[in-house]
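What follows draws every value from the coordinates through simple rules; no lab data is involved. Predicted, not measured: the structure shown is a model, and the values here were computed from it. A quick note on method: Cβ atoms are made from the backbone with ideal geometry, for glycine too, and the neighbour counts reach across all protein chains shown.
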């Protein structure tokens, strides 16, 4: 969703991210990339490489399935499906990927206000021209990616990631991904729902074990 941060809040130069956090960040980055907007040629081609992903686990199988569907799906069809899911005609698409909608039934409500307050503390800002509310699922995944990689949150980004997840993703993201998984318009994006649902379960369990 094109986020930026104040330089003083970034992780100290030379600090390396651990392998586990890097892997988690990659999952958040993937979800952010495919849910922020319709895929372009570069993104679709990149997702096609996932067809050879190890499918020996449920999450791995969902990733491989998504890659294989990307191989068989032309760009125009991928664009059309995204529009049906999230843009629609008139009243909007089949799904509204915003925390405020899921938690209160209203857009621009308290969850968004609380998120903006936390973003200010973390030094995260949206880029000019971004018209989407910041509580969009892709934006939240991008923020988690930044916290885990150190782009946001400074040296304490990993600890802040747990607080951020518990407050802004745990209350609703799994429900959104289940809805995407079962959406009437979802074919290409059905395994994206599965990936998100399974990954949110893994994240929730990992944060609980680390508490």
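So here's what we get for this one:
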| item | result |
| --- | --- |
| Failed criterion for residue 92 (all others in (1) outside any helix (DSSP H, G or I); (2) closer than 25 Å to residue 184 by Cα; (3) in contact (Cβ under 8 Å) with a residue 12 or more places away in the chain hold) | (3) |
| The stretch 48-68: number of residues that are within 20 Å of residue 176 (Cβ to Cβ) and surrounded by 17 or more Cβ atoms within 10 Å (Cβ to Cβ) | 5 |
| Residues that are farther than 17 Å from residue 174 by Cα and out of contact with any strand residue (DSSP E or B) (no Cβ under 7 Å at 6 or more places or on another chain), drawn from the stretch 95-118 | 106, 108, 109, 110, 112, 113, 114, 115, 116, 117, 118 |
| Criterion (crowded, with 17+ Cβ neighbours inside 10 Å and either in contact with a strand residue (DSSP E or B) (Cβ under 9 Å, 6 or more places away or on another chain) or in a helix (DSSP H, G or I) (or both)) met by exactly one of 45, 81 | 81 |
